[in-house]
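Bear in mind that the values in this text are calculations on the coordinates, not laboratory data. Source: prediction; values computed, not measured. Cβ coordinates were reconstructed from backbone atoms using ideal geometry, including for glycine residues, and neighbour counts include every protein chain displayed.
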Amino acid sequence: MTKTKIIKKWHFLLLMIIAMNFIACSSNDENTGASLQDGKSIVINDLAGDTGAAMGDATEGKVQRSFHTFLFRFSDQKQIWLHTKADSLQYMKTADWDLAFTGPYNSEVFVNNAKYQYNPGYEGAAQNTAVVLLNETYQNVTQAPADSEFDNSEITKIGWSSSESSPGWFYYSLSSHIMQAIPDRTYAIRLPNGKYAKLQLINAYKGNPPAVTDLNWPAPYFTFRYYVQADGSKSLNTK
Amino acid sequence: MKNISTFNSIKKIITGFIVLFFSIAQAQSNNAISGLIHHSENPLSHAKIVVEPSDKSAISDSKGYFSFSGLTNGAYTIRITIMGFKDYIQEITLNGQAVKPLHIQMESGIDLKEVNVTSRSTVKNNPETLVNAQYSAMPVTIIDRKTIELMGSRRLDEILKEQTGIAIVNNISGGARSVGVQMQGFGSEYIMVLIDGQPMVGRNNGNFDLSRISVSNIERIEIIKGASSSLYGSEALGGTINIITRHGVVDPQMQASLSYGSLNIIDATLEGETPFLQNKGTANIAANYYRTDGYNTNSKYIQGTTSPPYDNYSLQGRSRYQVNESSFLGLSGRYGLRRSFMQKDFGLGHISGDNQDEQDLNLSVSFDHRFNSNFRSITKYYLTYYSADMSVAWQQNNSAVSQDVFKQTLHRAEQQFSYSNNNSYQLVAGIGGSIENMNDNALAGVNSLETFFSYVQGEWTPFQKLKTVGGLRYDYTNNFGGRLNPSFGLQYFITPKITFKAGIGTGFKAPDFKTNYLVFYNPSSNYLVVGNAVLSPTLQQLQQDGQISEIRQYILNQTAGNLQAEKSTSYNAGLVLEPSKTFKIEGSVFYHKITNQINSIQVATGTNNRIIYTYQNLPEAVNKGFELALKFSPLKNMEISAGYQYLIAKDLSVKDSIRAGKWPYSQNIHDPATGNSYAPRPSDYWGIENRSRHMANTSVFYRYDPWKINANVRVNFRGKYPFGDRNGNQFIDKYDIFVKDYFLTNASLEKQLLKEHLSIRFTADNIFNYTDPLMPGQPGRILLLGISYRFFKDKEN
């Protein structure tokens, strides 16, 4: 009598436990890469920045130098390194590039511009370029702003968003020491060739992980996407 | 050279065990205790008499008589329990001379057991300290040796994460090895870890990695949830975990055990205990070796391990010697060494090598003297040392990412007195001091930390239905000043089946070396952190060197040299219901208020846009919630228990900042699904990172005596909790990164053979192999097979 009771109780318990587990037995595995493709935009995955630069004060085995800047051209996705002075002289003052990745971890991004003195394209060919920050998700930006907005924009550098007025693309947390792209920041750009584009900077960590779980996750490896309206109009619809 | 000395010490240990083995056969058992139990002249039968620390127990006969024989010399505690009466406790020392029969008068009332959720046996106090968890105004959970053995866990973190309201959390910002314990919403930096009542040191970013500690030689774990600085001083701001090592040898015995299984885990223990020198002394020694391959929870992005592989060696010993009839000398020591090398391959030849060598030493000497049966003194000295040699390097170009050698030493001396008037009140008072030194490459201008403390603790039963505990402790720290921490708790026995409990306590944590003296520059992110105490001179120096573009004078004036201790106040109240001997249910609410939490704030901007931070106090954070515990024994030898915790942990300054529209809190929140955005409201604040709203556990322990089989199944649930901020507004809202809720199921099966000398155990942890990349430290399924053999003299009865 009692024995069957015990068995019944055990069975019930076991069933309960098993049921509870099957309900919840799936791991976190978001696939972020797939959702970036929309058929129109160009998605750049893991574009390596300068991974050889010094990262610490007192570290052995590394030459302490600042990060090398690289340039990026939208039309053919070409990455142009400025390793030497000759490189700089050859490319900086031309209209042959659209973005420059500068500063620590190549995280400070400039749009080629001749007017701002710290822009790599200063006194170069890109006379009429500008950036406008739109606090919208990338896919919801369907139209470039009016030219007057571009003309009045004071955005020079897109980097660490460390203050309210900063148009930066990422936030660096002092508690976790991890940089995180701010969602819903889309940059509308008037390019050196006069065409309009939109840009979303997505990640600086290798593999574009949904969350960085290691302090030493390799960086900078840029994931970003952009769309250039080839016909010169302001339509930026990528849906 | 090193190998030879290691070999020699191993030889010594082996010799020690051999000596011990022989002494097992020779032990003397010649003492007897007997007595009569009464209640107002009537004898009480069926009272249960337990003699601790022996395993002997007896039931009084119809005349109230009981007797024990075959006890070796030593100090014992006799505990008598009987339904409807208060527990009777008496300490007795046996030294070969005949003891007069005891005459025991029982007082009516129900037993005054502590909150005792997991323990199956009575509370044994640590003989080397008079400050005990019994004086805590905050709830105490006790996990005893039997439970630990039955669970089949190997490391301390594995035991604790199965307790209600306790979680083991990885601190990503502290590196891959920064793992700590969280309790009722308090982070690891606020939980003090003690060994035999003495604080353990060695933290990584405030986190104490409990996997450093093997459970093999633990007698009992006492957990206090809530502010307990009135018992243990600074650091016990949110609670304490006190590990009581094996002690109180009665019969010589020895145990060897070995487990092996998944992840190439090896857990090998050799331990022994014996009386010595005509039973005037007792000694216990244990050696443990543990290794694991580590585990990877993020194989999509990382090859290698996310939870480190390591080899751990530990040696532990404890001895007590009776100097004369009323004095004991105690000696205990523990040494741990952990070597770990962890590789991670992030693809494209990015292989990081993360090396850590840790050493850990705890030594203590105590002198215990009883002036008379009521008045007792313990004089103690304690030394602990911790060192960690850590480095992370990229292997393909042999370049170091970080490198640090960290050393911490603590000396502590204490004098304790206790006075008790049998069952009506007990009083403990003490005075002491400590000197602490820390060496770290990144610290500037560090002096040693000197602390002085003094306290009074007590327990008082003014009348039968009411028991009260209270304490007052004063701590003085040289770089911070003094602080007084009171606590008060009571238990009111409304009926024999219903008890009401309430308590209030305070806690504090003096600012540590880092927040005061650290000067750290991160060149990759171009920021500088300056410790509060060295802020003004450092900024002055930087200004002279032309490296400052702006100083936020208001913040500088407010913060510099003005870092306050972090403080907490805990309130707890609850009911215990015991409708029958086999059913117990407890519920309690808790409210912890933490003020002056230390956090970073920007104080200046350097040239080249360098941001300069220092540490400041934040106004207030609150952890509140409730806990439920249930214990039920439907059959003999079967125990079902369940626990639940509901928790809300919020930083009130975040709410204020949202309300005030302060950047970056004021940024619009975007719904990623729709792309809609809206201005944040205080109600959008979810709570502090890593805290789950819901946590629950349930377990069944069963022993089938005819087959000598012990089995248990445990299920632990942890509700979803925030991992980190995704949208840059510096607070957690529902669109941030969360760790999904999950269940972990563990089970263990043990079969005892050869008159309980031999046991074979099968352990399965995380049976359903649940892992999450956001939980780097939680391995998948682990299956282990273990065998252990105990050498002991078979009991006569």
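What list do you get for B:320, B:610, B:659 if you sort them by fewest beta carbons within 10 Å?
Numbers: B:320 24, B:610 19, B:659 13.
Ascending number of Cβ neighbours within 10 Å: B:659, B:610, B:320.
Hey, what D do you get for segment B:329-375 in µm²/s if you plug the Kirkwood alpha-carbon radius into Stokes-Einstein at 4 °C and 1.567 mPa s? Present the calculation step by step, with values, prior to reporting the outcome.
Values: Rh = 15.1 Å.
My calculation gives 86 µm²/s for D.
Please compute, for peptide B:667-676, the average count of beta-carbon atoms on other protein chains lying within 10 Å of each residue's beta-carbon.
Partner-chain Cβ atoms within 10 Å, mean over residues of B:667-676: 4.
Taking every residue in A:178-184, how many Cβ atoms of other protein chains lie within 10 Å of its Cβ, on average?
6
State, to one decimal in nm, how far the label point of residue A:235 lies from the label point of residue A:193, with both points 7 Å from Cα in the Cβ direction.
1.9 nm
For a test of the definition: using alpha carbon positions, the gyration tensor, and the 1.5 limit on a/c, classify segment B:462-523 as rounded, prolate or oblate.
oblate
Read phi for every residue in segment B:296-312 and hand back ³J(HN,Hα) as whole Hz from Karplus 6.51 cos²θ - 1.76 cosθ + 1.60, θ = phi - 60°, with x for Gly and Pro.
Values per residue, Gly and Pro as x: 10, 9, 9, 5, 5, 10, 10, 9, x, 10, 9, 10, x, x, 7, 10, 10 Hz.
Is the shape of segment A:39-228 best called rounded, prolate or oblate, per the rule: a/c under 1.5 gives rounded, else a/b larger than b/c gives prolate, else oblate, with a ≥ b ≥ c the square roots of the Cα gyration tensor eigenvalues?
Here segment A:39-228 falls in the oblate category.
How far apart, in nm, are the 7 Å Cα→Cβ label points at residue B:369 and residue B:93?
Taking the simple label geometry, residue B:369 and residue B:93 are separated by 1.2 nm.
What's the magnitude of the charge dipole for segment B:463-514 around its Cα centre, counting Lys and Arg as +1 and Asp and Glu as -1 at the beta-carbon? Answer in Debye, nearest 20.
240 debye
Beyond a 27 Å Cα-Cα separation, which of these cross-linked pairs lie in this structure: A:78/A:239; B:225/B:465; A:206/A:234; B:655/B:740?
Flagged as over cut-off: A:206/A:234.
May I ask for the percentage of alpha-carbon pairs in the protein assembly as shown that lie more than 40 Å from each other?
Percent of Cα pairs beyond 40 Å in the protein assembly as shown: 48.
What's the Cα-based Rg to Rh of chain B, Rh via Kirkwood?
Checking Rg against Rh, the ratio lands at 0.97.
Using the 10 angstrom Cβ neighbour count as an exposure proxy, how do B:555, B:658, B:221, B:594 rank, fewest first?
On the way: B:555 15, B:658 21, B:221 24, B:594 28.
Taking fewest neighbouring Cβ atoms as first place, the list is B:555, B:658, B:221, B:594.
Membrane-span-like helices in chain B: DSSP H runs reaching 24 Å or more (Cα, own axis), mean Kyte hydropathy at least 0.0?
Passing helices, by number: B:2-26.
What is segment B:495-597 by shape, rounded, prolate or oblate, if you read a ≥ b ≥ c off the alpha carbon gyration tensor as root eigenvalues and call it rounded for a/c under 1.5, prolate for a/b larger than b/c, and oblate otherwise?
It comes out prolate by the Cα gyration axes.
Given H placed on each backbone N at 1.01 Å, which residues far from residue A:49 in sequence or on other chains put an amide H within less than 5 Å of it?
Close amide H contacts, sequence-distant or interchain: A:221, A:222.
Pop a pseudo-label 7 angstrom from the Cα along the beta-carbon direction at both residue B:464 and residue B:100 and give the gap in nm to one decimal.
That separation, rounded to one decimal, is 2.8 nm.
Apply the Karplus parameterisation 6.51 cos²θ - 1.76 cosθ + 1.60, with θ equal to phi minus 60°, to every residue of segment B:337-351 and state each ³J(HN,Hα) to the nearest whole Hz, in sequence, with x for glycine and proline.
Coupling constants for segment B:337-351: 9, 10, 10, 9, 9, 10, 10, 9, 10, 9, x, 6, x, 8, 10 Hz.
Could you work out how much longer the chain between residue B:40 and residue B:57 gets when fully extended? Use 0.36 nm per residue separation minus the Cα distance between them, nm to one decimal.
3.7 nm
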